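A short write-up of the structure that comes next.
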Amino acid sequence: MLDVMRSNAKSSLIALIFGAIILTFIFSFRRGEMVTASDFTRAYSNRFRQVSQMRGGKYTTDNAKQDNLKAETLRGLVDQELIAQQADDLGIQVSDAEVADAIYKSPQFEQDGKFDFDYYKRLVENGYGMSVKSFEETYRRDLLRGKVVQAAIAGANVSDDEVKAAWAAQHEGAAIAWVRFNPFMFRDKATATDAEVEEYIKSHGDEIGKKYEDEKAARWTEPPAVRVRAITIQAPPSATADQEKAAREKIDQALAEVKGGKEFAEVAKARSEDKSTQANGGDLGFVARGLSPYGKTLEEQAVKLKPGQLSEVFKDRSGFHLLKGEEERAGRVQTLDEVRKQIATDLVKGEKAKELAKKKAEETLLQLRAGKDLKDLFPVKKTEPGQFDFASFTTPQTTETETFHPMGGFVPGVGQAPQMSAAVFAQTQAGAVPQAPIEEGDSWYVFKVKSRERADLSKLDTNEQKQDELYAKWIEVLRKKAKIVENELVLSYDAVPGHEAFSPDDF
């Protein structure tokens, strides 16, 4: 089996399974285990470093976002785990002798043309940061996956047309400039009259009911809450030890005054350093878990209080706090009758906003055909690296991509966008624009092709590509059968604090 695999070493399929071990062990897991956050972080850091080296060290978080690097890393990890889990079903094992033989014959462990155990041991321990035992178990799992793949696709067939289409998808390329128009951008211009709302209620009862059920927990449920007052003494994370000590003394003085009989509100007016609430005696209003602007630490302290009860002094990122409970409010769910008109109003305005977005997209397309440039119509708004660009959701602005490919229907900066990807690769030359705006979800997109690379079918190696296509079809079947739940927060480039400070060398 190993000899057969080596004969196809140039195949990208075999490269996936038997690539350089420094890359392969990134994706190794014990069969049956989940892909954990630490697994992902380690794999992503290695992928980031690898791509950075391939691009001469010039690779940023923005580049990774355009390349969809996080999602591709996770996809690779999941695929490797799915393959490993097939081994039992197929009755496939890898013996100690097979592991030893594969390592012995690996050129990367040779010195002067021969296997050198001392060199092998040094490379594994110092170069890969693993014990020999752990490395060999990792290598065994990689060999196992290779066997599983070969067994799974043996005897399977794929048509020449499928092979050509798959190869073209890997070798076609395009770079574009695009603009998004979504209803949110036009929400302030969309209006709904009372007559329109009443008519909508009469004719769209089912839609309103479904919207209510979908939003009941998040929008129409009022959780238990406590109205509180707060005394705050500032002590940000950048505070020195002396500054933090002084802040603690101030909050303790405030606590002593309250316990000595002074009204909490009066002490807050005199001592609190939160300028937004100081004048009203520290009144924060009703605070519920996850629904206030004050953060989790304060929320957890607030919801425990009964009317008249004081919290302990506690600290969060803004400083030291002391709370007093004022009033409890029981949780309740608003009924459909209470919110029907509001839902109908939102839906009517939503439909109008989407029509306004579509109309603006159509106008933009006409301007492009008349010779206008997207960047002149909707200038690119510069943001600091790692900064979440909320403006991109509220204002149309141009985004320019690097070259990407049609595989998977992914468009840089947009994500999975099969309609848009198909429209881009239907164009054959630079400067082309689509026949009409492209609808993806609730947004409309307009683009202009900056560059277009065509696949050269004369370079197609049919046998190699057939293997790749068989593998792609088989692994897709495994994905569809599996229950895969992704942690969207881990995959986000914007939501993870300090992401821009990420350094591959940290891992």
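The values are calculated or read from the model by the stated rules, or taken from the named source; none is laboratory data. All values reported here derive from a predicted model rather than from experimental measurement. Glycine also receives a Cβ, built like all others from the backbone with ideal geometry; neighbour counts cover every protein chain displayed. Keep in mind that these areas ignore ligands, DNA and RNA; they rest on the heavy atoms of the full protein, side chains included. Shrake-Rupley method; radii C 1.70, N 1.55, O 1.52, S 1.80 Å.
Tabulated results
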{"read-out": "Residue-normalised accessible area of segment 92-150, expressed per residue, 1.4 Å probe, Å²", "value": "55"}
{"read-out": "Residue-by-residue Karplus 3J(HN,Hα) for segment 333-348, coefficients 6.51, -1.76, 1.60, Hz, glycine and proline x", "value": "10, 5, 7, 4, 4, 5, 10, 4, 5, 5, 5, 4, 4, 4, 5, 4"}
{"read-out": "Packing rank of 212-223, 249-260, 278-289, 173-184, where each peptide gets the mean count of other beta carbons within 10 Å, highest leading", "value": "173-184, 278-289, 249-260, 212-223"}
{"read-out": "Pairwise FRET efficiency - Glu198 versus Asp283, Cβ, R0 = 35 Å, nearest 0.05", "value": "0.35"}
{"read-out": "Whole-percent carbon and sulfur share, accessible surface of segment 303-348, 1.4 Å", "value": "45"}
{"read-out": "Span from the segment 63-78 Cα centroid across to the segment 196-219 one, whole angstrom", "value": "38"}
{"read-out": "Long pairs among Lys216/Lys306; Lys358/Lys450; Lys358/Lys448; Lys262/Lys315; Lys211/Lys349; Lys250/Lys324, criterion Cα-Cα beyond 25 Å", "value": "Lys216/Lys306"}
{"read-out": "Sorted peptide list for 81-88, 440-447, criterion being average Cβ within 10 angstrom, highest first", "value": "440-447, 81-88"}
{"read-out": "Segment Asp456-Leu123, length gained on full extension (0.36 nm per residue, minus Cα span)", "value": "115.8 nm"}
{"read-out": "Extension gain, Thr191 back to Ser131 (0.36 nm per residue minus Cα-Cα distance, nm)", "value": "14.9 nm"}
{"read-out": "Packing-based ranking, highest mean first, of 414-422, 91-99, 291-299 given that Cβ atoms within 10 Å are counted", "value": "414-422, 291-299, 91-99"}
{"read-out": "Whole-Hz couplings from phi, Karplus 6.51/-1.76/1.60, listed for segment 232-244; x for Gly and Pro", "value": "10, 10, 5, 7, x, x, 7, 5, 6, 4, 5, 5, 5"}
